[in-house]
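Below: the structure, in C-alpha cells.
Each value in this text was obtained by applying a stated rule to the coordinates, not by laboratory testing. Keep in mind the model is a prediction, meaning the values are calculated, not measured. All Cβ positions, even for glycine, are placed from backbone atoms using ideal geometry, and neighbour counts span all protein chains on display.
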Amino acid sequence: MKGSNIIAVFNKDHTKVLMCKRRSDPYKGKYNFVGGKIEQGEDGMSAAYRELEEETGITRRDISLIHFIDFTYHWYGIRLEFYIGRLNSDIPVHGDENDLLWIPLDSDFFDISTFAGEGNIGHMMLLVEMEKEKIFK
C-alpha cells in the first residue's frame, strides 16, 4: 500500500492554517494541505518533516508535529497519514511547487468548489477543532 501524508500547519496564535493552492491536477486551483509521498524505507514522521521543509521551508526547529489520524483508501491502495502542528513563532514560508496561503479558521472547509478532497478537508478540520484543547494546550 502506498503511503502519503498531509500536514495541517497552524500559525502561532491558532487563527489560520497554512494551505497550498494547487498548480496541477488533481485538484488544480483548489486549496489543500501541504504534504507528499512517504518514500520506501522512510517512517511517516520523518517523511512529514521532510515534505514540510521541502514545500514550505518550515523545519523541526519551527514546529512540533503530532501524528493525528490515518485514512486508508482500500480501493486506491493508499494510506494517508494526517499530521498537525502549530508554529513556535511567526516565520516566513515559501514554496516553489504551489502557492502558499494562510487561510482563516472560520472558512468553510467543506466548500468543495474551493477546497480539495470532496469534503475531507472539512472533516479533518472539524476533528482538529473538536480536540483543539488537548492538541494546542
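Each Lys or Arg adds one and each Asp or Glu takes one away; over the other residues whose Cβ falls under 10 Å from the Cβ of G44, this sums to -3. A Förster radius of 30 Å combined with the Cβ-Cβ distance from Y76 to D106 puts the calculated FRET efficiency at roughly 0.40.
Magnitude of the charge dipole for the chain, about its Cα centre and with charges confined to Cβ atoms of Lys, Arg (+1) and Asp, Glu (-1), is about 80 debye. Within the listed set F110, F33, F71, the Gaussian network model of the chain (springs between alpha-carbon atoms below 10 Å) gives the highest mean-square fluctuation for F71.
Taking a threshold of 19 Å on the Cα-Cα distance, which of the pairs K12/K137; K12/K37; K21/K137; K12/K132; K12/K134 fall above it? Over 19 Å apart, Cα to Cα: K12/K37; K21/K137. DSSP assigns beta bridges within the chain; of those with both partners inside it, close to 70 percent run antiparallel.
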